[in-house]
Amino acid sequence: MEGTNPVNKKLAAALSGGAVLVLALSGCTSSNGNNDKLNAWAKQVCDSVQPAAKKIEAANAAIQKQTSDNSAPADVQKTDAQAFQDMSDAYRAIGAAIRTAGAPDVDNGAQKQQNAVKELNDIATSYATLQAQVGKLDIKDQAKFADGLKGIATSLDNLSQSGNDALKTLEEGDVGKAMSKQASCKSSPASAPATAS
């Protein structure tokens, strides 16, 4: 019988895939481009997104910590439910920040902005659904709880692999260049950047 610990490790691995989405916002390519309007837009978005990015990192860390202990199902459930709620709130906040900033000053800026906001809201809704699912798991039966967690880990895995296409499209070209100049978008990089000149 598989206990909750290995399953929650799988959950944490899937969750860290989802965190890549926000790091996409904070680890854009560096380059030039002197569009003041676009730079102002990028600064507004980057500054607004930072608290949400930190919230997602904290939620991810909470689940990671719960996997390293030999945690009771009730503790895992409580931590995971809170983490999913925090992630849902954070993605919604990122969507709101991009909506509030308006369309970036690039070709198809309004469409790119709308697509990214919709995508972020969809992700927020998915995390809220996962939070509800975790809350319904049977914590009195370890085997049932582990099975339930497995299903959630699979959903989370699918979520982390889907859905950041519109965000990537929003950050292409000049938008990415403008964002890369903002101090608030230069978080600690998840991986070493490519050194292409």
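The values are calculated or read from the model by the stated rules, or taken from the named source; none is laboratory data. Given the structure is predicted, the values throughout are model-derived calculations rather than measurements. We place every Cβ from the backbone using ideal geometry, glycine too, and count neighbours over all the protein chains shown. When the accessible area is computed, the model is the full protein with side chains, heavy atoms only, and any ligands, DNA or RNA have been set aside. Shrake-Rupley method; radii C 1.70, N 1.55, O 1.52, S 1.80 Å.
Residues in the range 46-61: is at least one open to solvent by less than 50 Å² (accessible area, probe 1.4 Å), modelled with pLDDT under 90 and hydroxyl-bearing (Ser, Thr, Tyr)?
Checked against the condition, which is being open to solvent by less than 50 Å² (accessible area, probe 1.4 Å), modelled with pLDDT under 90 and hydroxyl-bearing (Ser, Thr, Tyr), the range 46-61 yields no hits at all.
Condition first: assigned to a helix (DSSP H, G or I) and either open to solvent by 50 Å² or more (accessible area, probe 1.4 Å) or modelled with pLDDT of 90 or more (or both). Can you find one or more residues in the range 21-28 that meet it?
Within the range 21-28 (the criterion being assigned to a helix (DSSP H, G or I) and either open to solvent by 50 Å² or more (accessible area, probe 1.4 Å) or modelled with pLDDT of 90 or more (or both)), the answer is no, since none of the residues qualifies.
Could you tell me how many of the residues in the range 136-169 are of a type outside the set (Asp, Glu) and either in a loop (DSSP other than H, G, I, E, B) or touching an Asp or Glu at 6+ places or on another chain (Cβ under 9 Å) (or both)?
Of the residues in the range 136-169, 17 are of a type outside the set (Asp, Glu) and either in a loop (DSSP other than H, G, I, E, B) or touching an Asp or Glu at 6+ places or on another chain (Cβ under 9 Å) (or both).
Take the conditions in contact with a Ser or Thr (Cβ under 9 Å, 6 or more places away or on another chain), open to solvent by 50 Å² or more (accessible area, probe 1.4 Å), closer than 17 Å to Ser48 by Cβ and assigned to a helix (DSSP H, G or I) and apply them to Thr129. Does it pass?
For Thr129, the condition - in contact with a Ser or Thr (Cβ under 9 Å, 6 or more places away or on another chain), open to solvent by 50 Å² or more (accessible area, probe 1.4 Å), closer than 17 Å to Ser48 by Cβ and assigned to a helix (DSSP H, G or I) - is not met.
Each row is one residue, and each column tells you yes or no for (1) under 23 Å from Met179 (Cβ atoms); (2) among the β-branched types (Val, Ile, Thr).
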| residue | (1), (2) |
| --- | --- |
| Ser48 | yes, no |
| Asp75 | no, no |
| Gln82 | no, no |
| Asp86 | no, no |
| Ala93 | yes, no |
| Gly102 | yes, no |
| Val106 | yes, yes |
| Gly109 | yes, no |
| Gln113 | yes, no |
